[in-house]
Each structure stands twice: as structure tokens, then as C-alpha cells.
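Following this message is one structure expressed as C-alpha cells.
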Amino acid sequence: MHKIKEFKTFILVSLLFIPFSIQGQTVCTPESRARLEKALELLPTLDANSSKNELVVEIGKSFMGTPYVEKTLEIPGPERLVIDLQGVDCTTYLETVVTLARMAKEGKNDFETFEKELETLRYRNGKNEGYTSRLHYFSDWIAVNQEKGILTDISEQIGGILYENNPTFMTENPQFYPQLSDRENVERLQNIEASIRLREYFFIPKDQISAHESQIQSGDLIAITTSISNLDMVHVGFAVEQNGRIHLMHASSANQEVEISEKPLHDYLAGNRSQSGIMVARLK
């Protein structure tokens, strides 16, 4: 997710991606391809009668311990569909698991379908049409994927209140994003930010999570909202029920791996001043 910290230099990012093989619009290392193939082999072994939420939890747990690596999508040159399972950040972990769960429900487990489904999820019109077609803000990601019929934002339904959402962080800080050295990309993204502000959003404030968590199901998508005025979300993951409480299954930047939070979600947010609450979405 977007963070206020010094961005890695463009040269360093370039060096990190030299080993990648590029085929068409997809970038994937042989190591990531091998790891994805293992994940795809798991899908036919899962119970076909499971709900998508149940599949999310089972598939999500199979990635436990995967290293946390941020900004794997920020590669030089034209926008490409990056598939990197050697290291994930909170968003790429969530996108990978959602894509695999959708495929498992459809009875598919081939690489080409994964490519297509991931592209559908990650980009505004379901197609890579350049850097600004990627859904950079997660509130936008939720809204657009709801329009596609992939999920439902249930935040209001389970007791959420209005959330003031005015993200401008990216265009106010283009120095953190090499692709925003192109003024045209900045202007396009400013228009996207303006469109995000036109929507109505709901969230559950963090001091009210325990009162509403009985309505959150394991496998629901959790997006953590923020008190930082020019950001929408600071973290994402999945709800997982443990001992009657909802915990967060996520790619943790603090512990540098995919894990399930030791504390329940309510307590997990309580100690962080910049985390204001949650939005909740459920796969259709």
C-alpha cells in the first residue's frame, strides 16, 4: 500500500527485475512461475462445494511464511502484468489469493486463466491499458471490482458509517513513483482521484469493530482505513475467525511475511494512530 517513506531508486528497482522473463504483457520469473504452478496444482484438491470465502481461507493459509516484499509491481518501462510469488505485499497477496479462489470455484487451474483473471482484478476495465489503468487506490479497487460483479462492499450493511475519502497522495508525491515523472500520467491520475471523491463510502471505526465482528465472515476482504487525509487505505488482508474472534490474515510489513495476526482485528488496529477503521468486502 502507499506509505510515506523514501521510495527505492529507479535504478535499484531495475536491477531487481533484470532476471525476469517477459512474454507479451506478463512479467514472471521462472521461480515465481514454479511457485504459481504449485498453487494451481492445489486447486483441484479443494472441495468444490466450498464457498469462495472458505476457499480464500484455505488458499490464503497455503502462503503462510511467504516473504513480504513491497513495490514488486513498480517496474521500469511500459506497464506489465507482474506475477511475483517469491515475495508479496499486502495487495499482491490479496489479489493472488482472490484470483486462485475464483479459479477454484470455476474448476480451472491453468496459468493462462490465472493471467486473465488477475488482469481482470487488477485493472480498471479488466485490461492492462497502461500505468493509470491499474487500480492504485484500494477504495477504488473495491468499487470497480464491485461494478464488475466480483465482490460486494458490505461495510454499510454491517453497521458502517460514512467515510470521508479524498485520496491525493500519489499525485502530491510523484517523486515516490517513477511512472509519475510523466506529466500525462499525473494528470490522468488526478482525474481518477477526482472520480474517487465523487463516490459514497462507508467504514467501521476501529473502536466499533468488536461490536460488529460477528457479521464479518472468515474470508471477507478487510481494507484498513486511515486518519491520514490524503490516503484512503494503509493495509489490506483477509478476515479469519479464531477462537470466536476475527483476526487478520495478511502480508505483514512489520514481521516481513504472510501471517495471521496474533491479536484480534479490533486490538490489532487499536494501537495504531494512523489506522482509523475498516471497510469490508465479500466475494460473490
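The values are calculated or read from the model by the stated rules, or taken from the named source; none is laboratory data. All of these numbers come straight from a predicted model, not from anything done at the bench. In this analysis, Cβ positions are derived from the backbone assuming ideal geometry, glycine residues included, and neighbour counts consider all displayed protein chains. Remember, those area values only see protein heavy atoms, side chains included, never the ligands or the DNA or RNA. Shrake-Rupley method; radii C 1.70, N 1.55, O 1.52, S 1.80 Å.
Please get the size of the charge dipole for the chain, origin at its Cα centre, with Cβ charges of +1 on Lys and Arg and -1 on Asp and Glu, quoted in debye to the nearest 20. Present the calculation step by step, with values, prior to reporting the outcome.
Details: 29 positive and 40 negative charges, 24 e Å.
With only Lys, Arg, Asp and Glu charged at Cβ, the dipole is about 120 debye.
Scan (i) 26.4; (ii) 16.4; (iii) 13.8 for the value of mean projected area of the Cα convex hull in nm² calculated from this model and give just the label.
The calculated read-out lines up with (iii).
How much of the accessible area of the range 21-93, in percent, comes from carbon and sulfur atoms when a 1.4 Å probe is used?
Numbers: 1660 of 3190 Å².
With neighbouring chains kept in place, the figure for the range 21-93 is 52 percent.
What does the accessible area per residue of the chain come to in Å², with a 1.4 Å probe and no ligands, DNA or RNA counted? Present the calculation step by step, with values, prior to reporting the outcome.
Values: 12510 Å² over 284 residues.
Here the per-residue accessible area is 44 Å².
So what is the relative contact order for the chain, in percent, with contacts set as C-alpha pairs under 8 Å and at least six apart?
Values: 487 pairs, mean separation 62.6, N = 284.
22 percent.
Who wins for biggest fluctuation among 49, 145, 125 in a Gaussian network model of the chain, springs between alpha carbons below 10 Å?
Most flexible of the set in this elastic network: 49.
With the contact rule set at Cα under 8 Å and sequence spacing of 6 or more, what percent relative contact order holds for the range 126-284? Intermediate results must be reported in sequence, preceding the final value.
Values: 265 pairs, mean separation 44.1, N = 159.
28 percent.
Taking all protein chains in place and a 1.4 Å probe, what share, in percent, of the accessible surface of the range 173-271 do carbon and sulfur account for?
Looking at the range 173-271 in its full context, I get 43 percent from C and S.
With each run of n ≥ 4 DSSP H residues scored as -39500 (n - 2.57), what mean residue ellipticity at 222 nm is computed for the chain after dividing by its residue count and rounding to the nearest 500 deg cm²/dmol? It would help to have the intermediate numbers written out before the result.
Details: 10 runs with 99 residues, N = 284.
Taking each H run of at least 4 residues, the total per residue is -10000 deg cm²/dmol.
Something else now. Roughly how far apart, in whole Å, are the Cα centres of the range 52-100 and the range 214-249?
So the separation of the two Cα centres works out to 17 Å.
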